[in-house]
Amino acid sequence: MEKFRKQTAAGIAAMLILAMTLGGCGAGAEDTEAVTEEEAAVTVSVQDVGTGTITLTNSFVGMISPEETVMVIPLTAGTVTETFFEVGDTVQAGDVLFKIDDEAARLALEQAQLNVKSTKQTADSQIDTLINQQDSTDLQLESSKLQSKSSFEQAQIGYVMAKDAYEAADDACDSARAAYESVKKTGTDVSGNNPGLAEASENLARAEAARDQAYQAYLTARSGYHAAQEGQDLTDETAEMTKEQLDQTIANTEESLATGLSLAALGVEQAQMALDYYTVTAPVSGVIESKNVDVNGMAAQGNPAYTIVNNNTMTVTFQVSEDVKNTLSIGQEVTLERNNDTYKASITEIGTSVNPQSGLFQIKACVEADGAELPSGVSVKVSADTYRAENTMIIPYEAVYYDNEGAYVYTSVDNRAVKTPITTGIFDEDNIVVTDGLNLGDIVVTSWSPQLTGGVLLHAADTEAE
């Protein structure tokens, strides 16, 4: 609107001066004709449309507080026997703050330790018993295997001997039969009698009887041999199975005993942990801000006993709208100002829920200063880059005009002014973002003139390179 008023006032003044000049000088018809024949160019500044970055910075009121405030809460209850620090003292992480009467906890620890010892003794005794049982069983199994092997070897020998005897008897039977057949053919005299045939027949009968008897002995020996072989195999399988079962029993027992030992050891750890609860230490380094326990007083489980503040680094807390919150990011740098001093801070927390009283979101940032420079509770000015347009099309802010139809600029096309409507975005003191209406490389008029209107001839006084 200011530009619009400036352009209008200047245009009226120029028109009055032109009228006075024409009337006072008494210009004739020839002079008027010369002016109309030669068009005057409007001298302006121009600039090529380029790209750049615009960042907007917003300011907020922040409150300083320690980055870390820890309330030390005992995990057990009891009578306080000793305290070691008072309000204002500086402590280091791990320092003992106070102790609680731990007699009952020590007795529980001793009981747990005795339980471990007893459980281990019982486990060792059971393992020794099983190992002795295993050794005894191994001896019995070896004896059975040796006996079975001896029986098998004896049966094998008897089987071989019976087989040889049967084969010999069978050969003797064959010989007796051959002798019988020979006597039968050749032993007959002229009268038709054969005196040796009867003897050969008796020999054949005896040989056949001996063969049959040897064959029965062979069958018996063979059956005994196979039975002994099966007995030996069964003994070996039984021994192997018995050993596997005994090994599995020992393994299961060892596992069960190991579990019992682990549970007993866990009982010791738990008892030791419970005992440790009676000695309360500082979880962080810092300054004691408050103390709520005294010697011979009661320490209540769950109630704060000490409050420790870490003043080495501080935190600034400020509140922003949802739109601004969405432009911030973890790790983003912000600037703090107090008493003409400037400090840098980094955003560490962005609230996700709105404050019902203020309707704003809480932001926290870690400040590169200690409590001496920025005391807890003071207010500071917080400046943060919020809206940002990077690598976008920008032009000088002074080049933009506004009318009832919106924003527009004058561009130079063939050295003629062209009124060009545009759509704008964010802007700062020098530049403004153009989102529509222009293209990179277009020439924009950046200076104002009362004669600047659409279609006038332009003369570029200077051109700022992109």
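The values are calculated or read from the model by the stated rules, or taken from the named source; none is laboratory data. A quick note: this is a predicted structure, and the numbers were derived from the prediction, not measured. Here Cβ is always computed from backbone atoms with ideal geometry, including for glycine, and neighbour counts include all displayed protein chains. These area figures cover heavy atoms from the full protein model, side chains too; ligands, DNA and RNA do not enter into them. Shrake-Rupley method; radii C 1.70, N 1.55, O 1.52, S 1.80 Å.
Note: relative contact order over the range 314-466, using C-alpha pairs below 8 Å and six or more positions apart, is 19 percent. For the range 360-466, the C-alpha radius of gyration divided by 2.2 N^0.38 Å, with N the number of residues, is 1.63. To the nearest Å, what is the center-to-center distance of the range 307-357 and the range 238-285, using C-alpha atoms only? One Cα centre to the other: 50 Å.
The calculated P(r) of the chain, using every Cα pair and 20 Å bins from 0, goes 13, 18, 16, 14, 13, 11, 9, 5, 2, 0, 0 in percent. What's the FRET efficiency of ASN303 with ILE330 using the Cβ-Cβ distance as r and R₀ = 25 Å, to the nearest 0.05? That pair, ASN303 with ILE330, gives E of 0.15. In sequence order, the range 206-214 has phi-based couplings of 5, 5, 5, 5, 5, 5, 5, 5, 5 Hz under the Karplus curve 6.51 cos²θ - 1.76 cosθ + 1.60, θ = phi - 60°, and Gly or Pro positions carry x.
Computed on protein heavy atoms with a 1.4 Å probe, the accessible areas place THR90, THR76 in the order THR90, THR76, largest first. The rule of thumb for compact globular proteins, 2.2 N^0.38 Å, goes into the C-alpha radius of gyration of the range 134-225 1.90 times. Taking all protein chains as they are arranged and a probe of 1.4 Å, the heavy atoms of HIS459 leave approximately 100 Å² accessible to solvent.
With Cα atoms as the point set, the range 243-369 shows a radius of gyration and Dmax of 27.1, 89 Å. The simple spin-label model puts a point 7 Å past each Cα toward its Cβ; for ASN292 and ALA198 those points are separated by 13.7 nm.
In terms of overall dimensions, the range 284-436 has a Cα radius of gyration and Dmax of 25.1, 96 angstrom. Over all pairs of different C-alpha atoms, the range 69-182 has a mean inverse distance whose reciprocal, the Kirkwood radius, equals 24.1 Å. Considering helices alone, the calculated mean residue ellipticity of the chain at 222 nm is -16000 deg cm²/dmol, with DSSP H runs of length four and up weighted by -39500 (n - 2.57) and normalised per residue. Coupling constants for the range 70-75 follow from the phi torsions by the Karplus curve (6.51 cos²θ - 1.76 cosθ + 1.60, θ = phi - 60°), and in residue order they are 10, 9, 8, 10, x, 8 Hz; glycine and proline get x.
When a/c reaches 1.5 or more, the comparison of a/b and b/c decides; with that in mind, is the range 38-79 rounded, prolate or oblate per its Cα gyration tensor?
Judged from the Cα gyration tensor, the range 38-79 comes out prolate (a/c at least 1.5, a/b above b/c).
Shown are GLU368, GLU167, GLU429, whose ranking by accessible area with a 1.4 Å probe and every protein chain present, most to least, is GLU429, GLU368, GLU167. Take the Cβ-Cβ distance between ASP436 and SER376 as r, set R0 to 45 Å, and report the resulting FRET efficiency rounded to the nearest 0.05. For ASP436 and SER376, the calculated efficiency is 0.35.
The amide H of ALA369, built 1.01 Å from its N in the peptide plane, has MET314 as neighbours under 5 Å, considering only residues 5 or more places off or on other chains. With contacts taken as Cα pairs under 8 Å and at least 6 residues apart, the range 264-389 reaches a relative contact order of 24 percent. Across the range 96-110, computed HN-Hα scalar couplings (Karplus, 6.51 cos²θ - 1.76 cosθ + 1.60, θ = phi - 60°) run 6, 8, 7, 10, 10, 3, 10, 4, 4, 5, 5, 4, 5, 5, 4 Hz from first to last residue, x flagging Gly and Pro. In square angstrom, rounded to the nearest 10, how much accessible surface does GLU103 have for a 1.4 Å probe? GLU103 has an accessible surface of roughly 120 Å² with all protein chains in place. Note on GLN213 and LEU139: their simple-model spin labels are 4.8 nm apart, each label 7 Å out from Cα toward Cβ. For ALA77, the residues whose amide H sits under 5 Å from its own are GLN301, ignoring neighbours fewer than 5 places away on the same chain, with H placed 1.01 Å from N.
Using a 1.4 Å probe, how large is the accessible area of ARG416, given in Å² and rounded to the nearest 10? The value for ARG416 is about 80 Å². Length gained on full extension, ARG177 to LEU261, computed as 0.36 nm times the residue gap minus the Cα-Cα distance: 21.7 nm. Would you mind calculating the relative contact order of the chain from Cα pairs under 8 angstrom and at least 6 residues apart, reporting the percent as a whole number? RCO, the chain: 32 percent. Listed by chain and number, the aspartates and glutamates whose C-alpha is less than 12 Å from the C-alpha of LYS99, apart from same-chain residues fewer than 8 away, are GLU82, ASP276, ASP294.
Scoring 50-56, 318-324 by mean Cβ neighbours within 10 Å over their residues and listing the highest first yields 318-324, 50-56. Between ALA460 and GLU405, take the C-beta separation as r, use R0 = 30 Å, and let me know the FRET efficiency to the nearest 0.05. Step by step, r from the Cβ atoms, then E = 0.65.
Put the Cα centre of the range 365-400 next to the Cα centre of the range 420-453 and the gap is 27 Å. Distant-in-sequence amide contacts of ALA305, defined by a placed amide H-H separation under 5 Å and a gap of 5 or more residues or a different chain, comprise VAL72, ILE73. Could you tally up the Lys pairs in the range 322-444 with alpha carbons closer than 22 Å? Skip any pair fewer than 8 positions apart unless they're on separate chains. Qualifying lysine pairs in the range 322-444: 6. Got a sec? Which residues in the range 292-310 would a label at LEU107 touch, if it sits 7 Å along Cα→Cβ and we count backbone N under 20 Å? In the range 292-310, the label zone of LEU107 (backbone N under 20 Å from the point 7 Å along Cα→Cβ) covers 299.
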